[in-house]
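What follows is a single structure, written as structure tokens, with notes after it.
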Amino acid sequence: MRRVTVRTCQEEGTVTTPPPDNLGSPAPPPNPWTPPDSSADPWAAPPAPPTPPRDQRRAGWFASPPPGASYAQLARTSRHRWWRPIVGTLVVVVAWLLGAGLLMVVLARTASPEAGFDPDTLWPKNPTWALALSLATIAVALPAIWLAAIWVQRRRPGTLSSVAGRLRWRWLAHCLGPALVALLIAFTVYLALVPGEMRGVLTWNTTWTAFLTTAAVIVLLVPFQAAAEEYLTRGWLVQAAGAYLRTPWVGILLSAVVFAALHLPPNGWTWLAHGSLGVLLAWLTVRTGGLEAAIAYHTVNNLVVLLLEATAGPIDLSTVRAADWRSVVAELVGYAVFAWLVVRSARRHRVASVVAAEERSPRGHPAAA
């Protein structure tokens, strides 16, 4: 039995009524706390939270390019804004000039008197020192480019190297052989077109001490000088244009024009030689997803050419030898051979040309791709 309060407009009282047969027992109140399942492993790791898409994921300061992005699109991350490539380019130029100027001032004050630094121009009269400073001031562009990528575009500098986010050293090593083969073929074609033209270059006109000193400077600094030019033209400029446009060809052509202009070509044939090389190396960069092939060819070419010139005496990089149609033909043959060998090797080694999607392990954690 239970007591039920009945209220009417006439009276209010308490009557005792039997409970309805269809109500049954009252439901127990909800338990505000449920004890943990004793059958579960208390030491097991909690389930992994869902991972957002890669193009929306940010690791602190940096943003990552989305899966499937080509090399030319690596600057178009979730942090991309229209002004970042423009401001970044200005930062590259200013930082490069400041770094080169600082290097010249430091060397002018600390170098030995035999370097013969001019106090007005801060440039050495000694040809070996002049060669070293010429190569070093170009190499200073490397940290300037990395600074712009980190500070302005807020992305890892490794994205300037390849779609893997780093320089693929094994693939770069594979490209050294094709570069050397292509150069040998180009020299052979040139000698066939103009027999005897290379005698001035191949003639020994120096001392062993001078040659070994110059060779040491070349071997130590040329890899950095060549890499700096590649990171600037085939790296920064191609990706800066790719941040706005889907097609990579605007960046390829822009980088080729800048690359040719940096070498101060004295005539149209020299423009054509450097411009065609710029187009080829930029295309190979996009095709193989990284700068490795371009760095390999540029480094091998400069090493071979400068070492050959060192046998004839002091090297003056301020004077550019004018090309003619025969040298352009020989170089174009070498470019074609290099491109064919690199593309064939890239297919054989399955070199990635786009950003790979991260594989997922059965437990939901990222696995190595």
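A short reminder: the numbers here are calculations on the coordinates, not readings from a lab. In this text, all values refer to a predicted model and were calculated from it rather than measured experimentally. When we count neighbours, we look across all protein chains shown, and the Cβ atoms used for this are built from the backbone with ideal geometry, even at glycine.
Normalised by 2.2 N^0.38 Å, with N the number of residues, the alpha-carbon radius of gyration of segment 70-360 equals 1.03. Listing Phe224, Phe338 from fewest to most neighbouring C-beta atoms within 10 Å gives Phe224, Phe338. Estimated at 0.36 nm per residue, the fully extended path between Val87 and Thr247 surpasses their Cα-Cα distance by 55.4 nm.
Each residue, Leu212 and Arg326, gets one label point 7 Å from its Cα in the Cβ direction; the gap between the two is 3.6 nm.
Sort Trp271, Trp61 so that the residue with the fewest other Cβ atoms within 10 Å of its own Cβ comes first and the one with the most comes last.
Result, fewest neighbours first: Trp61, Trp271.
For Asp324, Asp120, the sequence from fewest to most other C-beta atoms within 10 Å is Asp120, Asp324.
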